[in-house]
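Data block below; observations after.
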Amino acid sequence: DVWVNKCGTYGVSSAQNYWCRMSAMHLRLLYALCPQIRWAFVYVDDYIFILRADAATQLTMAIVTTLYAMGCPISWKKTCLGEVNHWLGYQVDAPRITACLTHEKQGIITAVLRKLIQGVRHDANEVRSIAGRLQWATAICLPMRPFLQPLYAWMQAMNARESREHGKTWGRPPKVLIMLAETMLDLINEDPSSPMPPTASLNITAATDA
């Protein structure tokens with residue numbers, strides 16, 4: 001039997017190769033057709049556009065109509081226009097240039113961090129899940145991402161132990177990871193701040209190769 005994949009589902013390596021190029025083409029066409037778009041982002045199959053307020057309504061109609069004409073399947077329940085929007089589990093505030101976790105996602109991440117702080121036992125599957133969730137959550141506070149190293153080290157140790165013992169294994173988080181969880185819990189409960197650097201007070205123009 002010969003099976004042909006026609007829907008581009010993720011998990012198939014060819015789908016990623018195909019969709020990366022297709023989504024990039026969509027963005028290039030939209031930038032060319034609508035130069036008023038300030039910024040456009042894509043994550044897998046979710047788009048978000050930063051638009052000027054005085055032209056937002058017209059541009060939104062143009063963008064949605066163009067995507068629809070190109071055959072993009074549009075989830076209307078997820079399509080919205082506003083100064084504050086939810087995208088990929090983040091609450092994005094365009095005027096203030098800030099992002100934080102949505103209420104639902106913050107509850108999930110808070111529960112994960114509190115369990116780590118308690119120092120209770122976790123199995124290897126839980127540790128892998130925690131690593132994925134915290135890596136995602138640190139997108140709202142990128143300076144925290146390098147400090148996830150103890151979590152990855154714990155995950156690697158749990159994976160190795162699971163392979164040796166050929167069965168379910170358990171372990172308690174190390175103290176450094178408990179301290180990290182306490183810090184992250186404080187950070188996600190703070191008011192979101194903008195990642196944009198403060199405006200320079202010097203009237204100079206400079207560039208680097210970094």
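The values are calculated or read from the model by the stated rules, or taken from the named source; none is laboratory data. All values derive from a computational prediction rather than experimental measurement. Note that each Cβ is placed from the backbone with ideal geometry, even for glycine, and that neighbours are counted across all protein chains shown. What goes into the accessible areas is simple: the full protein's heavy atoms, side chains included, and nothing from ligands, DNA or RNA. Shrake-Rupley method; radii C 1.70, N 1.55, O 1.52, S 1.80 Å.
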Filter result for Ile178 (surrounded by 12 or more Cβ atoms within 10 Å (Cβ to Cβ), under 16 Å from the mean Cα position of the chain (by Cα) and among the hydrophobic types (A, V, I, L, M, F, W, C)): no
Scanning region 109-119 for residues that are surrounded by 15 or more Cβ atoms within 10 Å (Cβ to Cβ) and either of a type outside the set (Lys, Arg) or out of contact with any strand residue (DSSP E or B) (no Cβ under 8 Å at 6 or more places or on another chain) (or both), the one nearest to Ala139 (Cα to Cα) turns out to be Ile109
Scan of region 44-76 for residues that are open to solvent by 90 Å² or more (accessible area, probe 1.4 Å) and under 20 Å from the mean Cα position of the chain (by Cα), ordered by number: Asp45
Close pairs (9 angstrom Cβ cut-off, 6 or more residues apart or separate chains): closer than 22 Å to Trp19 by Cα in region 45-58, at pLDDT below 90 and in a helix (DSSP H, G or I) anywhere: Asp45/Trp19; Asp45/Ser23; Asp46/Lys78; Tyr47/Ser23
May I ask you to list the residues in region 128-158 that are among the polar types (S, T, N, Q) and open to solvent by less than 50 Å² (accessible area, probe 1.4 Å)? Thr138
